[in-house]
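Below is one structure, written out as structure tokens; the observations come after it.
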Ligand code: SF4
Ligand code: SF4
């Protein structure tokens, strides 16, 4: 059996877990290739115009995989931690895809909802495996291996690597000597080299060390998030505001870049809070980059250059 | 203390009544207009959904009129509404506008906080007084909702365009001024008579269209470009999927008691959408199915641009529309939406619906004739 997993959205966060689980059960797992122009175009024409860029990209990956897989794995991601959600669109994603009017293999979509209890994800995976004919014992074993794999991956992010570094086996980034920039975004923007127009590569080429929210310990994020006037119910937003708040307070970076997708609902508010905070602290240069399907390299590079000039000018004075 | 609150349809009528009955002074923001939108777009985040922008406009206008406290509802996600108040507070703070915000969070089983919030605004009024004020406000709300349903029927059939809208304005005004439940009953009776007395057209050629979508755009004529009036005056009877009183019942009463009265919506939507997605995304699907089954001619979906639950629904509605056989038209609205553009699309949609109806009738007549032939 061959199961297809689109390389989009929270794939960038959970691929070790997802891939390992199905591989352990003996399935052949096929991921789509990194985003390219064709995948993007396919997605843009299949999704409704109002959808955000990452959802469009996701459609493109799913359609790309469709002819090559007997099943598509598209979990319904409701919640990753108790008391939070991720995004309303991810709660409807498998249904949106199924009813997009395209030829697709069956879509397997366990509901992953940590609000339903600490074992909710595990049980959802085991139940889904049962539908495909795997016994509970076997699925439990696969789950354990998959969770360990995911933990190893998370630990590597804690060492200052980006998901791209991990998957490409990049050498350790020099951690001490270079000036650091905090780059905040959702993993599927930042670590999709095509969608982010190679932002991380560009910053490193200019001699900066890139810090992302994923590299901070969960404890720090939780402490910072607790300062918010009301518990934020979006886990990705919590990560962004937590990391942003931490570095605004403690320094340690020379600037902050917030990358948002055009049409992103949660980030329209999260970004606003972040920017207002940054302005009040007033110490760190702050850049907001908006990605959409028409973003050309040119515009972004110009804005980035101007921002880095400002960062360097401040550093010199 | 001078209390204000965001506009949403005729919400200000029961709210003002509630506070007045408790002796709390209110400042109702001016009706949403150009100025409101201009302020909202200037100071709210560019990509926020429209209701937040209009809220900010309302608050700034109310502050100019002397309001010092905003009362609004909170939420627990997954949608943006649950964090509106926090963002709005930051915007007001950075502008140096002195407005306290009292956010009434949905009780989720804990009534204490809601109760404390209410006590704080009402200056420590006792339970009995709050209950009495609540009863009057609730009766005003249900009367408004009942009469508005009637308004939709009458408007599609009025002989002089605008006659029923004129009557409706009078009704809202009188209900706003009513001071006791008995008075509300009286005004409701008069209101019904007023609407019933409006001269009708000779023909009864009306289309029936269901409105589904996001609650704020459905309930607030100023942001939906008065789509109900425009449709009504084109001879279309509208049925709306959400009325404020139903929403209060479902969300404040049933959910807080951990009861559900929306199981049927989940059941209907299930073949197309297997999970709630925040806001009213799921209801947009289930009500489209309901309306098709009830024999309505078409469905219109209304939502603010970038509205997450409604983008989920919009992605699925084409399939629902084909399966259950009802045309669906979507309007995603923002501060740039134009009345002219909307009217053109509505006219084309109604032409399509009339044409479909004629074809269906021809088909039915044909089928009847064929059946008669067979019998002979
Ligand atoms: S969080 Fe934003 S970018 Fe991600 S799916 Fe939701 S709306 Fe799109
Ligand atoms: S339902 Fe739509 S309009 Fe309402 S808060 Fe959510 S995204 Fe905004």
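The values are calculated or read from the model by the stated rules, or taken from the named source; none is laboratory data. Because the structure is a prediction, the values reported are computed rather than measured. Cβ placement follows ideal geometry from the backbone for every residue including glycine, while neighbour counts extend to all protein chains displayed.
When residue A:299 is tested against (1) within 12 Å of chain B (Cβ to nearest Cβ); (2) surrounded by fewer than 20 Cβ atoms within 10 Å (Cβ to Cβ); (3) part of a helix (DSSP H, G or I), just one condition goes unmet, and that condition is (1). A single entry from A:251, A:263, A:282 fulfils the requirement of being within 19 Å of the chain's Cα centre (by Cα), at pLDDT below 95 and on the phi > 0 side of the Ramachandran plot: A:263. The residues in segment B:300-328 that are in contact with a strand residue (DSSP E or B) (Cβ under 9 Å, 6 or more places away or on another chain) and over 30 Å from residue A:78 (Cβ atoms) can be counted, and the count is 1. Across segment B:28-49, the number of residues qualifying as farther than 15 Å from residue B:89 by Cα, in contact (Cβ under 8 Å) with a residue 12 or more places away in the chain and assigned to a loop (DSSP other than H, G, I, E, B) comes to 8. Of everything in segment B:67-101, what is at pLDDT below 90 and away from ligand 1 (no atom under 16 Å from the Cβ)? Give them in sequence order. The answer is B:73, B:74, B:75, B:76. Of all residues in segment A:254-291, those being within 16 Å of ligand 2 (Cβ to nearest atom) and in a loop (DSSP other than H, G, I, E, B) number 3.
Kindly indicate whether residue A:97 is more than 16 Å from ligand 2 (Cβ to nearest atom), within 20 Å of residue A:12 (Cα to Cα) and within 12 Å of chain B (Cβ to nearest Cβ). It is true that residue A:97 is more than 16 Å from ligand 2 (Cβ to nearest atom), within 20 Å of residue A:12 (Cα to Cα) and within 12 Å of chain B (Cβ to nearest Cβ). Listed by position, the helices (runs of 4 or more DSSP H) enclosed by segment A:84-178 that each have at least 3 residues that are at pLDDT below 95 and under 21 Å from the mean Cα position of the chain (by Cα) are A:136-158, A:163-168. Show the residue pairs meeting these rules: Cβ distance below 7 Å; 6+ apart or different chains; first residue within segment A:285-311 and outside the structural domain of residue A:259 (by TED's automatic domain parsing); second residue part of a helix (DSSP H, G or I) and modelled with pLDDT of 95 or more. Between residues of segment A:285-311 that are outside the structural domain of residue A:259 (by TED's automatic domain parsing) and residues that are part of a helix (DSSP H, G or I) and modelled with pLDDT of 95 or more, there is no close pair. Pairs are defined by a Cβ separation below 6 Å, a sequence spacing of at least 6 or placement on different chains, a first member in segment B:325-341 that is closer than 15 Å to residue B:38 by Cα, and a second member that is part of a helix (DSSP H, G or I); the pairs so defined are B:334/B:50; B:335/B:37; B:335/B:41. Taken together, the residues in segment A:8-63 that are within 16 Å of ligand 1 (Cβ to nearest atom), in a helix (DSSP H, G or I) and within 14 Å of chain B (Cβ to nearest Cβ) amount to 10.
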